[in-house]
Ligand code: CMP
């Protein structure tokens with residue numbers, strides 16, 4: 001069993017897509033083990049995306065991610081990291097496959113509705129960024 005950090009980005013929250021996005025993950029058999037709605041400060045967004053700090057889109061991405069509330073959650077399942085990334089689709093909605101969350105809902109590469117940890121190393125950093133151990137509750 002594996003855990004991954006998923007965020008519904010400000011464009012998803014703003015367009016009332018929280019329930020729809022969570023439903024898609026649940027229908028694929030992933031389970032919610034933690035969930036919260038928060039508004040990141042610019043500093044928190046920079047800390048969360050620190051691996052991208054040298055990228056040209058870093059300022060814009062962190063401005064955007066601190067522009068409105070996000071929903072952070074931990075999902076659990078077999079190969080959760082890989083499966084969540086498949087269900088989300090490619091970063092750029094123009095390249096995302098039919099039926100993926102980003103194909104269905106993303107506006108562009110930045111306002112792409114969802115984030116999911118890209119590796120076990122990322123998940124190990126991103127889960128504690130939002131949640132303490134006592135907030136992580138498996139269903140069974
Ligand atoms: P995410 O999965 O949250 O991880 C890093 C984010 O950077 C990514 O989704 C995109 O929203 C954003 N991103 C990646 N590449 C670009 C780009 N070329 N222009 C703007 N934003 C980008």
Worksheet item: Hey, among the residues in segment 17-26 that are touching a residue at least 12 places away in the same chain (Cβ under 8 Å), away from the ligand (no atom under 14 Å from the Cβ) and in contact with a strand residue (DSSP E or B) (Cβ under 9 Å, 6 or more places away or on another chain), which one's farthest from residue 69 (Cα to Cα)?
Response: 25
Worksheet entry | Residue under evaluation residue 130, criteria (1) within 13 Å of the ligand (Cβ to nearest atom); (2) surrounded by 12 or more Cβ atoms within 10 Å (Cβ to Cβ); (3) more than 17 Å from residue 22 (Cα to Cα); (4) in contact (Cβ under 8 Å) with a residue 24 or more places away in the chain, criterion not met | (1)
Item to complete: Answer with yes or no whether residue 63 is within 13 Å of the ligand (Cβ to nearest atom), closer than 17 Å to residue 6 by Cβ and not in a strand (DSSP E or B).
Response: no
Worksheet item: Checking residue 135 against (1) in contact (Cβ under 8 Å) with a residue 24 or more places away in the chain; (2) farther than 24 Å from residue 17 by Cβ, which single condition isn't satisfied?
Response: (2)
Item to complete: Only residues that are under 12 Å from the mean Cα position of the chain (by Cα) and farther than 19 Å from residue 102 by Cα: list them for segment 1-35, please.
Response: 35
Worksheet, complete the sentence: Filter segment 1-16 for residues that are outside any strand (DSSP E or B) and touching a strand residue (DSSP E or B) at 6+ places or on another chain (Cβ under 7 Å); the one that is nearest to residue 116 (Cα to Cα) is 9
Worksheet item: residue 122 versus (1) in contact with a helix residue (DSSP H, G or I) (Cβ under 7 Å, 6 or more places away or on another chain); (2) outside any strand (DSSP E or B); (3) within 14 Å of the ligand (Cβ to nearest atom): which is the lone unmet condition?
Response: (1)
Practice prompt. Would you tally the residues in segment 27-61 being surrounded by 13 or more Cβ atoms within 10 Å (Cβ to Cβ), touching a strand residue (DSSP E or B) at 6+ places or on another chain (Cβ under 7 Å) and without any contact (Cβ under 8 Å) to a residue 60 or more places away in the chain?
Written response: 4
Worksheet entry | Single residue of 123, 96 found to be over 21 Å from residue 3 (Cα atoms) and modelled with pLDDT of 95 or more | 96
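The rows are residues; the columns are (1) out of contact with any helix residue (DSSP H, G or I) (no Cβ under 7 Å at 6 or more places or on another chain); (2) at pLDDT below 95; (3) assigned to a loop (DSSP other than H, G, I, E, B).
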| position | (1), (2), (3) |
| --- | --- |
| 19 | yes, no, no |
| 25 | no, no, no |
| 29 | yes, no, yes |
| 36 | no, no, no |
| 46 | no, no, no |
| 75 | no, no, no |
| 82 | yes, no, no |
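The values are calculated or read from the model by the stated rules, or taken from the named source; none is laboratory data. The model shown is predicted, which means the values in this text are computed figures rather than measured ones. As a convention, Cβ positions derive from the backbone with ideal geometry for all residues, glycine included, and neighbour counts pool all protein chains shown.
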